[in-house]
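**Q** One structure follows; several queries about it will come next.
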Amino acid sequence: MTTTLAPPLSARLSLTPKTTLAGLLDGAWWPRSRDLAAEIPPLVDALEEHYGRITRVTVNPGRWPVVPHKVPVTGHTVHVGWFTEQDPDKMILLSYTVGRCDLLVIPPETEPAAAARLMTAAALPGSVLTAGALMSDEAATGRRMRDGRSGEDAWETDGGSAPPPLRHPVVGARMIPLPGNTRR
């Protein structure tokens, strides 16, 4: 009996296009899990074409349950470090050839539509938004969208808008004409 290993999944990555506009981020990465040892190899492989050989990675340990010191990737080892002062939503990758690559890290449990918005926003050339600001903006956008959907759902399930109830319903009242001139 032979066992065939499934090919590793490619990294979900969005990079800023080559331009003279320098921004705070070089793109976004949406890992499939919080397992750095499993997630770093496909990321490094995907970045190799743009950034050369990635040798070091830094993360904030608040978002990763385990931060390994070294991760084997294709043909070499990547050293992993952590800094609590680093933006928790950002990963920094260092290369001998290009230098540094800063990526927004989108949490694995993020809904696909939100992840797509974040990947697009992080890859805008010349953007001055930090990783934390992008995540905060997306959280606010997500809340607005959920609130809008819940209001729309209520509208649809209730059959639309009903007229407001009368404050003082008039039932069986007679209209008594007032005289035209009330002066005496």
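**Q** Need the full-extension length gain, Ala38 to His50, defined as separation in residues times 0.36 nm minus the C-alpha distance. One decimal, nm.
**A** Here the segment from Ala38 to His50 would lengthen by 2.2 nm.
**Q** Looking at the P(r) of the range 10-114, how many percent of alpha-carbon pairs lie beyond 15 Å?
**A** The answer is 61 percent, as a whole percent.
**Q** Hey, another quick one. Mind grabbing the accessible area of Asp87 for me, 1.4 Å probe, Å², rounded to tens?
**A** Its heavy atoms expose roughly 40 Å² to the probe.
**Q** Going 7 Å from the Cα of Phe83 along its beta-carbon direction, which residues of the range 9-35 have the amide nitrogen within less than 20 Å of the resulting point?
**A** 23-29
**Q** For the range 75-130, what is the accessible area per residue in Å² when the probe is 1.4 Å?
**A** Per residue, the range 75-130 has an accessible area of 50 Å².
**Q** Counting just the Cα atoms, what span does the range 85-140 cover along each of its three principal axes? Round to the nearest Å and put the largest first.
**A** 36, 23, 20
**Q** Which FRET efficiency value, to the nearest 0.05, is calculated for Thr130 and His76 with the Förster distance at 22 angstrom and r the Cβ-Cβ distance?
**A** In this case the efficiency is close to 0.15.
**Q** Once amide H atoms are placed 1.01 Å from N in the peptide plane, what residues at a sequence separation of 5 or more from Trp82, or on another chain, have their amide H within under 5 Å of its amide H?
**A** Those lying under 5 Å, H to H, from Trp82 are Val59.
**Q** Can you work out ³J(HN,Hα) from phi for every residue in the range 30-45, in order, using Karplus 6.51 cos²θ - 1.76 cosθ + 1.60 and θ = phi - 60°, giving whole Hz and x for Gly and Pro?
**A** Karplus values, whole Hz, x for Gly and Pro: 10, x, 8, 8, 9, 9, 4, 4, 8, 8, 5, x, x, 5, 4, 4.
The values are calculated or read from the model by the stated rules, or taken from the named source; none is laboratory data. Fair warning: this is a prediction, and the values are worked out from it, not measured in the lab. With ideal geometry, Cβ positions are generated from the backbone for all residues, glycine too; neighbour counts draw on all protein chains shown. With ligands, DNA and RNA removed, areas are computed over all heavy atoms of the protein, side chains included. Shrake-Rupley method; radii C 1.70, N 1.55, O 1.52, S 1.80 Å.
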